[in-house]
Structure formats: C-alpha cells, structure tokens
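> Below you will find the structure I want to go over with you.
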Amino acid sequence: MSLKKFNPRSVILLAFMLAVAAIRVLLSWQPDISPMSNFTPLAAIALFGGAYFTKNTKAYFFPLITLWLGDIVLNKLVFYHEWRLFYDGWYWTYGSFALMVLTGKLMIKKANVANVGLSAIVATFIHWLGTSPACLLIKGSMYPRTFNGWITSLIAAIPYEWNMLVSTLIFCGVLFGGFELLQRRYSYLQPAV
C-alpha cells in the first residue's frame, strides 16, 4: 500500500471502534442475565461510524463487521460454547444496527452534545423496536406469537434498553469526545474537503 493511499483518519476511527468493541466482549462475559445485561457500546459504535466515515461502505461495513466479530467470539466463549457465525434472529439485530448507522449519518452532521444525545435516544428506540420481532419469531421463544406477546416482550425489555441508553450515552461521550479532541490537535484527522 502506498503512503498516498494511507488514510490516518480511517485508521484512527477504526482503532477507536475496535477498542470500544473489545470492551463489549469484556462486559458481556457473564453466563447469566445480570444488571449489566445490554450495557454495550454497539449503538455508540454504529452512530460513530455513521457520523464520521464519509464513504457509506466504511460507515456501514466497519460497525457491522465489529458487531459480527464480537458476536463470533461471544458465541464461542459465552453463549453457545461453539463457533457460530450467526445466531437465530441475527438479521433483526444487524438490520437495527444498520439503521443506527443511518441515524448517525443523518442526525450527527456536527458532533455536539444535543445531536449525539438525541441520536443515542433514537438508536435505543431503534434497537428496542427493531430487535423485538426476534423475541417472537425464533424457535423456543418465551413469548406467544401474538400482539399481546409482542407488547409483553417490549415491556420486559425496558430495563435492558435502559442499560443500552445509558451505555450508548457513555460510549458516545468516549468515542465522539475523544475523536473531536484528537481532530482539534491533529489537523490530518480532519475530513478531506
């Protein structure tokens, strides 16, 4: 690879995402449901990728590949104790995260507290509503496949979505705040005009 094609901005953005994704694996290292369930940086990674990567291929690819690689590790070490590339209902989760990337692209033109905070709330609602069909449609679901079953699953998910909102706000602060500070200090991290 020639140095002319080397893009330090993309490398730093990806490094930020991978570092935070490693935290996801550490936070998920729990065999049972715990008070930390769904305390994850994934929505923050999706918003961050959507906001900062100017090319759509990178904006969607890097957050989704980060999610997928983490899932593979967690499937082996925590959830199924075998190497699984995908799990039942994965497409609901990945579709939701793709919508979160789009939210980052559309809502965070300028990284400030209001834009990032509102995007974190929207991302949490996307996750809450976007992943809930999987609770009804996968084999062995604990909820009946009815409208009432869906409402019951949404209500049961509120504590987990609260954890997701809190963690998204915290990790957005880390990702967006950290990268904004670096951009101010190192001009080569500014987007090309």
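The values are calculated or read from the model by the stated rules, or taken from the named source; none is laboratory data. All of these numbers come straight from a predicted model, not from anything done at the bench. Virtual Cβ from ideal backbone geometry, glycine too; neighbours counted across all protein chains shown. Ligands, DNA and RNA are stripped out before the accessible areas are found, and what is left, the full protein with its side chains, is counted by its heavy atoms. Shrake-Rupley method; radii C 1.70, N 1.55, O 1.52, S 1.80 Å.
> Go through segment 140-159 residue by residue and tally those that are under 30 Å from Ala19 (Cβ atoms) and exposed (fewer than 14 other Cβ atoms within 10 Å of the Cβ).
Number satisfying all stated conditions: 2.
> Hey, another quick one. Using beta carbons and a limit of 8 Å, which pairs, at least six apart or on different chains, have the first residue in segment 124-150 and at negative phi and charged (D, E, K, R) and the second one part of a helix (DSSP H, G or I) and open to solvent by 80 Å² or more (accessible area, probe 1.4 Å)?
Matching pairs, first to second residue: Arg145/Leu137.
> Please enumerate the residues belonging to segment 157-183 that are of a type in the set (Gly, Ala, Ser) and out of contact with any Phe, Trp or Tyr (no Cβ under 8 Å at 6 or more places or on another chain).
Gly173, Gly177
> Could I ask something else about it? Could you please tell me which pairs satisfy a Cβ distance under 6 Å, a separation of 6+ or placement on different chains, a first residue in segment 72-90 that is in a helix (DSSP H, G or I), and a second residue that is loosely packed, with under 12 Cβ neighbours inside 10 Å?
Note: pairs meeting the criteria are Lys76/Trp83.
> Can you run down the residue pairs with Cβ atoms below 7 Å, 6 or more apart or on separate chains, where the first is in segment 166-193 and free of Cβ contacts under 8 Å to residues at least 40 places away in the same chain and the partner is buried (at least 17 other Cβ atoms within 10 Å of the Cβ) and assigned to a helix (DSSP H, G or I)?
Correct list of pairs: Gln183/Leu189.
> Tell me yes or no: at least one residue of segment 15-33 is at pLDDT 90 or above, of a type in the set (D, E, K, R), in a helix (DSSP H, G or I) and on the phi < 0 side of the Ramachandran plot.
no
> Also, quick follow-up: Can you confirm whether Trp162 is out of contact with any Cys (no Cβ under 7 Å at 6 or more places or on another chain), surrounded by fewer than 17 Cβ atoms within 10 Å (Cβ to Cβ) and under 18 Å from Thr40 (Cβ atoms)?
yes
> Collect the residues in segment 91-139 that are at pLDDT below 90, open to solvent by 50 Å² or more (accessible area, probe 1.4 Å) and part of a helix (DSSP H, G or I), keeping them in residue-number order.
Cys135, Leu137
> Considering (1) over 15 Å from the mean Cα position of the chain (by Cα); (2) closer than 16 Å to Ile23 by Cα, say which one His81 fails and leave the rest.
That leaves (2) as the condition not met.
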